[in-house]
Amino acid sequence: LVLVGPEPAEVPLEQACRKIRATFPDVPMVALLNGQGLSRENVVRAAGAMDVLKAREINADLWSRTFDYCYREMTINRELATVTARLDWLVHTDSLTGHLNRKGMERVIMDQLARCRQNTTDLPVLLIDLDDFHRINSTLGHGVGDLVLMAAARRIAESVGEQDKIGRCGTDRFVVMLPESSVDEAEEVAEKIRLAISRDVIQAGDHSLTTTASLGL
């Protein structure tokens, strides 16, 4: 909990509230006023104060209840933020590979395209298609197919940078965005991914599988 005020101070109370709210957005803040009226209270609330207390009227019971209210509100807001983040992850992430799903990739692509238009830069995108994946699913089953997909996703992730975005946009298709790369660098990444997938040996019971991928830039 942060107590702000009362005035006079080095900066106006509403300015201090805005600065603290911007720096610590999830920490409850209570403004201390010298009884300047409802309009003044509304100003500091709009600046980010969760509640207002009168500095010259120290009421232990009122202050205690105000602090308790702020603490409960902070706890609820943090729990809500956690749940919201979890729901966002579930909506935009492929549960099998842990990478973006089609919906998540569409959102990232739109954001990246807007940035590239603003900066007048290109956005290299790799399309990756696992070869003959349907045959693996039909002959060895979807469980083995899932192992192949997870292995390919790992190899792709190991071949790109932290700033690059990976998504699964179909049963056996992946997309990689390379926002900080040139076309030549993107071609090198594509070849790195192709070799990493083809060299991987996947153990599925008595079967040792290798797979290949076709890539487009």
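Residues of the stretch 44-84 being among the acidic types (D, E) and more than 36 Å from the chain's Cα centre (by Cα), which ones? Walk me through it before giving the result.
Applying the first criterion (among the acidic types (D, E)) to the stretch 44-84 yields 51, 57, 61, 68, 73, 79.
Passing the criteria: E57, D61.
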Filter the stretch 1-45 for residues that are surrounded by fewer than 17 Cβ atoms within 10 Å (Cβ to Cβ), aliphatic (A, V, I, L, M) and in contact with a Lys or Arg (Cβ under 9 Å, 6 or more places away or on another chain) and give the result. V11, V27
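Quickly run through the stretch 123-139 and pick out the residues that are open to solvent by less than 60 Å² (accessible area, probe 1.4 Å) and either outside any loop (DSSP other than H, G, I, E, B) or out of contact with any helix residue (DSSP H, G or I) (no Cβ under 6 Å at 6 or more places or on another chain) (or both).
Of the stretch 123-139, the ones open to solvent by less than 60 Å² (accessible area, probe 1.4 Å) are 123-126, 128-131, 133, 136-137.
Residues satisfying the conditions are V125, L126, I128, D129, L130, D131, F133, I136, N137.
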Can you name the number of the only condition in (1) touching an Asp or Glu at 6+ places or on another chain (Cβ under 6 Å); (2) within 20 Å of D68 (Cα to Cα); (3) not basic (K, R) that A47 fails? (2)
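Within the group E158, E180, E188, which residue is without any contact (Cβ under 8 Å) to a residue 40 or more places away in the chain, farther than 15 Å from N101 by Cα and part of a loop (DSSP other than H, G, I, E, B)? Walk me through it before giving the result.
Numbers: E158 fails: part of a loop (DSSP other than H, G, I, E, B); E188 fails: part of a loop (DSSP other than H, G, I, E, B).
Selected residue: E180, the only one of E158, E180, E188 that is without any contact (Cβ under 8 Å) to a residue 40 or more places away in the chain, farther than 15 Å from N101 by Cα and part of a loop (DSSP other than H, G, I, E, B).
Looking at the stretch 140-150, which of the residues that are in contact with a strand residue (DSSP E or B) (Cβ under 7 Å, 6 or more places away or on another chain) and either part of a loop (DSSP other than H, G, I, E, B) or open to solvent by 50 Å² or more (accessible area, probe 1.4 Å) (or both) is nearest to A190 (Cα to Cα)? Give the derivation first.
Let us first name the residues in the stretch 140-150 that are in contact with a strand residue (DSSP E or B) (Cβ under 7 Å, 6 or more places away or on another chain), namely 140, 144, 147-148.
Now restrict to residues that are either part of a loop (DSSP other than H, G, I, E, B) or open to solvent by 50 Å² or more (accessible area, probe 1.4 Å) (or both): 140, 147.
Working: L140: 28, L147: 22 Å.
Only one residue tops the list, namely L147.
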List pairs: first residue in the stretch 3-25 and farther than 14 Å from R40 by Cβ, second residue assigned to a helix (DSSP H, G or I) anywhere in the structure, Cβ distance under 8 angstrom, at least six positions apart or on different chains. A9/A16; V11/K19
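The values are calculated or read from the model by the stated rules, or taken from the named source; none is laboratory data. Keep in mind it's a predicted model, so treat the numbers as computed, not measured. Here Cβ is always computed from backbone atoms with ideal geometry, including for glycine, and neighbour counts include all displayed protein chains. Areas reflect the complete protein model, heavy atoms only, side chains present, ligands, DNA and RNA absent. Shrake-Rupley method; radii C 1.70, N 1.55, O 1.52, S 1.80 Å.
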